[in-house]
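Here's the structure we're looking at; comments come further down.
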Amino acid sequence: MNEIAKQTIEMAVAQVLGTGFLSWTSDVNRNAFGWVKLCAPESLLAVAPLLAAGGARLMTVTAYRNDKFGRIEGREIAYHFDLNGVVVTVSVCLPDDPPRVPSITPWFKNADWNEREFAELYGIILEGQPNPRRLFLDKGLDAAILDRLVPLSTMMNGASTSTLWEKVFAGKQLPDWATGENNA
């Protein structure tokens with residue numbers, strides 16, 4: 001385990017949040033994994049620049065519901081960083097109405113795609129995102145379209161037909177591109 005990287009992460013988190021906000025686990029190969037939970041999304045604006053200054057690299061970002069079936073409200077975003085072989089995950093709890101989080105692209109340029117993706121697919125509002133354009137979904141689709149549950153079997157069975165789009169656009173007029181009429 002890289003003790004210098006681990007100490008850098010500990011100092012960055014302690015400087016912003018104090019002690020007790022960082023926990024460590026390791027696997028059988030003694031690889032270290034740090035875990036930080038932020039209950040105030042604004043805290044990310046203090047942690048991100050310190051991780052960047054310490055040389056951390058953003059690996060990916062994961063947005064998810066606390067309950068995958070949507071029975072209870074609540075979302076989180078997990079930012080996965082690497083610092084010289086030490087992985088630290090910073091999870092941010094999001095408020096429910098509307099879910100918001102500050103952008104970390106000023107310190108990690110590669111956060112752009114992930115941030116725009118979860119904004120587009122799950123309706124999470126990004127504060128300070130310099131490039132808020134949609135990535136790939138048609139502008140006619142509602143924000144947070146993938147936040148609705150569509151069973152995988154429906155998606156797979158409807159992949160080459162209009163069945164999937166009928167589920168996605170439930171109760172609305174299907175656009176021409178979804179019906180396949182203009183694809184002849």
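The values are calculated or read from the model by the stated rules, or taken from the named source; none is laboratory data. The model shown is predicted, which means the values in this text are computed figures rather than measured ones. No Cβ is skipped: glycine too gets one built from the backbone with ideal geometry, and neighbour counts run over all protein chains shown. The accessibility values were calculated without ligands, DNA or RNA, using every heavy atom of the protein model including side chains. Shrake-Rupley method; radii C 1.70, N 1.55, O 1.52, S 1.80 Å.
Before moving on, here are some points about what is shown:
- Hey, LYS109 on the phi < 0 side of the Ramachandran plot, open to solvent by 20 Å² or more (accessible area, probe 1.4 Å) and assigned to a helix (DSSP H, G or I) or not: no
- Just one of the numbered conditions (1) open to solvent by less than 60 Å² (accessible area, probe 1.4 Å); (2) over 17 Å from ILE124 (Cα atoms) is not true of ASN31: (1).
- When we screen GLY70, GLY74 for residues that are modelled with pLDDT under 90 and open to solvent by less than 10 Å² (accessible area, probe 1.4 Å), the only hit is GLY74.
- Matching residues in segment 1-28 - criterion: being part of a loop (DSSP other than H, G, I, E, B), more than 24 Å from GLU42 (Cα to Cα) and open to solvent by 70 Å² or more (accessible area, probe 1.4 Å): MET1, VAL28
- PRO49 passes every criterion in (1) at pLDDT 85 or above; (2) open to solvent by 20 Å² or more (accessible area, probe 1.4 Å); (3) closer than 22 Å to ILE104 by Cβ; (4) assigned to a strand (DSSP E or B) apart from (4).
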